[in-house]
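Bear in mind that the values in this text are calculations on the coordinates, not laboratory data. No experiment lies behind these values; they were computed from the predicted model shown. No Cβ is skipped: glycine too gets one built from the backbone with ideal geometry, and neighbour counts run over all protein chains shown.
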Amino acid sequence: MGAFTQTIAIAGAGCVLPGGAGVEDFWNSLCAGRSGIVPLQSSLFHGNRVAAFGQIPEEVRQACRQDVPRNLQRYCTPAVVLGVAAARQALQEAGVDPRQGHLRFGLYCCQGGYTHPSLDAYAELLQECRGGDDGLDLRQLSARVLETRALDPFLVLKSLSNGLSGVVSLAFDLEGECNAYMQGVAGNQAALREACAALRSGRIDAALVVAAGSELDALALAELARAGIIGTNGARAFRPFDLDGEGGVAGEGAAALLLRRSEDMAAGPRVAIGTIAAQAELAALELPGEPVDLLVCHGTGVPAVDRRLSAVLARSRPRHATCAQPVTGLLSAAPGLADLIVARSSLLRQCVPPVAGLERPVSADLPFVTGAPQAARLRSCAVVGRDDNGFGACYRLDYADAR
């Protein structure tokens, strides 16, 4: 794929994840094994069985909010704010400005945590309007609802799958085709497929793919725990593919990619998206036919399950393997895009980040990098994702220095 003719390249990337605000910060966290999973912090609820969360620091969240036009902030869930920031980073790295009007854009969004406004949102509103011993301050409550529009009809938009796409399109004056998808690996895969198809057909010149979501909500976390997706024994760390794994840990964040046709980009090192394969069952997933230099994959934190996953993933015959989940937690909306950012960064830097905290691998089938980053000659990468409904997706990335 050295000539990159008729291929789709990643021209820019951005992210706001528990491991860092921005691709460079995220990469440094991966290389240092610095996890963004922290003790669960919420003013509205706490838990002993679910004690940790891949959480965006409040100062980062507030900085991202200041980057959103003030007239749009009222329509933003916390995760949508992060999505706008990630999209801005991707556009800036790619060096394109939708407002200049010389490119035809497509916008493809994947939104998670879409039950907002949640029980916590209403609890926060009522707490703000407490009148001491007299109960609710009805005057203040009326002002919040009617004057500052806390509960006007626009609130409904926050719970729909097009909230992220609507705010991003307005924030950057995007015009053109637009699609919204729901959370998880399936949503990421659908957004990427449609973006690549639109570019190859010539309908658009640039595709902005954005995903954002959060499960920082009492009801959402309880449901994840009930389904066995996150651990319930108070674990403070997420250890996929480790014999000491105690289940998953949920996380939040956003990621964005700006895609272009390779032939439309300037010469230089680049990473192109090759095949995008999918299967409802991971065991039937179409993996690359030839060995790959790097595998970026997902685990569950349940040793018995991760042992079976290792046997399947080993069919890609990787020379090196890594996993970013111990740094981010289980992302509700951006798992695929976050892994593509890890893969792209590894290929561009010719370096594999370690799996944070991995000490006792469940299997010797996969050559995970541990301890410290490892320099390597990387030309191809397989990114394999799996979410809680068993959906599997595989992306192949290729690196070349196009002259």
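How far, in nm, would the chain grow between Gln66 and Leu103 when pulled straight, counting 0.36 nm per residue and subtracting the alpha carbon separation?
Contour length minus the Cα-Cα distance gives 10.6 nm.
Along Cα→Cβ, 7 Å out, is where each label goes; now give me the distance between the ones at Ala283 and Arg200 in nm to one decimal.
That separation, rounded to one decimal, is 3.0 nm.
Using the number of other C-beta atoms within 10 angstrom as an exposure proxy, rank His320, His102, His46, His298 with the fewest first.
Ordered from fewest to most neighbouring Cβ atoms within 10 Å, His320, His102, His46, His298 come out as His102, His46, His320, His298.
With each label point set 7 Å from Cα along the Cα-Cβ vector, what nm distance links Leu219 and Val38?
Between Leu219 and Val38, the label points sit 2.7 nm apart.
Within the stretch 383-400, name every residue whose backbone N is under 17 Å away from a label modeled 7 Å from Cα of Arg319 along the Cβ vector.
Within reach of a label on Arg319: 383, 397-400.
Using just the C-alpha positions of the stretch 247-403 as equal point scatterers, what log10 of I(q)/I(0) does the Debye formula give at each q in 0.15, 0.16 1/Å?
Those come out to -0.77, -0.88, one per q.
So, by mean Cβ neighbours within 10 angstrom, what's the order for 373-382, 353-362, 203-212 with the highest one leading?
Output ranking for 373-382, 353-362, 203-212: 203-212, 353-362, 373-382.
Based on the Cβ-Cβ distance of Ala311 and Asn28, what FRET efficiency does E = 1/(1 + (r/R0)^6) give at R0 = 35 Å, to the nearest 0.05?
0.60
Report the dimensions of the chain along its three principal axes from the alpha-carbon atoms, largest first, rounded to Å.
70, 53, 34
Give the calculated FRET efficiency between Leu138 and Arg226 to the nearest 0.05, with a Förster radius of 41 Å applied to their Cβ-Cβ distance.
0.65
Taking only the alpha-carbon positions of the stretch 28-79 and ignoring solvent, what does the Debye formula give for the base-10 log of I(q)/I(0) at q = 0.18, 0.25, 0.26, 0.31 Å⁻¹?
Log10 of I(q)/I(0), two decimals: -0.78, -1.01, -1.03, -1.16.
Report the full-extension gain for the segment Phe45 to Gln374: residue separation times 0.36 nm, less the Cα-Cα distance, to one decimal in nm.
Extending this stretch completely gives an extra 114.4 nm.
May I ask you to sort Val312, Val296 by Cβ crowding, counting other Cβ atoms within 10 Å and putting the fewest first?
Val312, Val296
Give the angle, between 0 and 90 degrees and rounded to the nearest 10, that separates the Cα long axis of helix 23-32 from the longest principal axis of the Cα atoms of the chain.
That works out to roughly 70 degrees.
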